[in-house]
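The values are calculated or read from the model by the stated rules, or taken from the named source; none is laboratory data. These numbers come from a predicted model, not from an experiment. Heads up, the Cβs are rebuilt from the backbone with ideal geometry, glycines too, and the neighbour counts pull from every protein chain shown. For the accessible areas, the whole protein counts, side chains as well, though only heavy atoms, and no ligand, DNA or RNA atoms are used. Shrake-Rupley method; radii C 1.70, N 1.55, O 1.52, S 1.80 Å.
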Amino acid sequence: MMTTLYGSLEAGGTKFVCAVGDAQFNVVEKVQFPTTTPQETLAQTINFFKKYADRLVGIAIGSFGPIDIDLNSLTYGYITTTPKPHWANVDLVGTLAKQFDIPFYFTTDVNSSAFGETLVRKGVNSLVYYTIGTGIGAGAIQNGEFVGGVGHTEAGHTLVALHSEDQVNGFYGTCPFHKGCLEGLAAGPSLEARTGVRGELIGLNSNVWDIQAYYIAQAALQATLLYRPQVIVFGGGVMAQEHMVKRVHQQFTELLNGYLPVPDLNEYIVTPAVPENGSATLGNFALAKQVADKF
Ligand code: ZN
């Protein structure tokens, strides 16, 4: 008997990760390739999923953004105003949907990860997921639904208070749109901009980590105040270093200053529970099942 498969596409600014999963959401095959031009990268994506076309019943796409997720919009399914060369105003969903007669689900990469994380955490249906890497993005789930209005949320670009040392050194952030937003002050490139060395080469005793933790703790404070989630997950390369979570806990405690009750920080501000960066893939399989079941 031919078994049903679900498709997952994580469309990242650096790489695309394509996967198919079985009915239990086990990965059957997963591949990745660098994000080059839309023509080349989408052709590779289509070739991968074509191998499974007779068994695929739905594909979920979690994309870098900003993206248009308004089903009534003329540009639904597009990547919109990204500064990434070649990728502004690209019809991501439309290009793929032309090749497959199955339903698609379209959301942000961080929403996919947030959804995946709720699936492996018992009793959790309100969660915020941040990725701290080359950029910063966040997805929020409230009572099992993605938070968003006319579009998806963009919590990576909220404004944050400047650390006193950045003030003294005249470092005001790297975001091309806002300079000193969360992404501009705490994403990977900000580390290099402050120190002149790449993040992975900066020693553990450098105070740049506490500066960065100060901004990440502000993100956790915003998430706490805005959404009152059960869990805040921080993924991405920067947070893979164990010392960062501890630094964020300390700074978060100072910033919250006892204003609200929150869970034990070891359970509340955490790194991903799905191993090997698999949160988005798992989330996408489940979202692909949702659209397939409704089709
Ligand atoms: Zn920004």
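Worth a mention:
- Flag if Asn207 is open to solvent by 60 Å² or more (accessible area, probe 1.4 Å), farther than 25 Å from Val262 by Cα, touching a residue at least 40 places away in the same chain (Cβ under 8 Å) and away from the ligand (no atom under 13 Å from the Cβ): yes
- Qualifying residues in the range 155-173 (those that are open to solvent by 60 Å² or more (accessible area, probe 1.4 Å) and not hydrophobic (A, V, I, L, M, F, W, C)) - the one nearest to the ligand (Cβ to nearest atom): Tyr172
- Counting only residues that are part of a helix (DSSP H, G or I) and buried (at least 20 other Cβ atoms within 10 Å of the Cβ), the range 222-248 holds 5 of them.
- Qualifying residues in the range 1-36 (those that are among the small types (Gly, Ala, Ser) and more than 18 Å from Phe64 (Cα to Cα)) - the one most open to solvent (accessible area, probe 1.4 Å): Ala23
- Subset tally (residues that are within 15 Å of the ligand (Cβ to nearest atom) and open to solvent by less than 30 Å² (accessible area, probe 1.4 Å)) for the range 134-144: 4
- Some residue of the range 44-55 being part of a strand (DSSP E or B) and either open to solvent by less than 20 Å² (accessible area, probe 1.4 Å) or over 15 Å from Leu96 (Cβ atoms) (or both): no
- Residue under evaluation Ile69, criteria (1) crowded, with 22+ Cβ neighbours inside 10 Å; (2) outside any loop (DSSP other than H, G, I, E, B), criterion not met: (2)
- All positions within the range 103-133 that are of a type outside the set (Phe, Trp, Tyr) and open to solvent by 30 Å² or more (accessible area, probe 1.4 Å): Asp109, Leu119, Val120, Arg121, Lys122, Gly123, Asn125, Thr131
- Residue selected from the range 174-193 under the condition of a type in the set (A, V, I, L, M, F, W, C) and more than 8 Å from the ligand (Cβ to nearest atom), by the criterion surrounded by the most Cβ atoms within 10 Å (Cβ to Cβ): Leu185
- Meets criteria (more than 15 Å from the ligand (Cβ to nearest atom), open to solvent by 30 Å² or more (accessible area, probe 1.4 Å), among the aliphatic types (A, V, I, L, M) and closer than 22 Å to Pro272 by Cβ) for Val147: yes
- Evaluated against (1) assigned to a loop (DSSP other than H, G, I, E, B); (2) touching a residue at least 60 places away in the same chain (Cβ under 8 Å), Ala23 falls short on exactly one condition, (2).
- Scanning the range 254-289 for residues that are open to solvent by 80 Å² or more (accessible area, probe 1.4 Å) and modelled with pLDDT of 95 or more yields Glu254, Asn257, Tyr259, Pro261, Asp264, Asn266, Glu267.
- Annotation note: of Phe177, Phe171, Phe115, the sole residue that is within 27 Å of Thr75 (Cβ to Cβ) and not in a helix (DSSP H, G or I) is Phe177.
- All positions within the range 1-20 that are in contact with a Gly (Cβ under 8 Å, 6 or more places away or on another chain) and of a type in the set (Gly, Ala, Ser): Gly7, Ser8, Ala11, Gly13, Ala19
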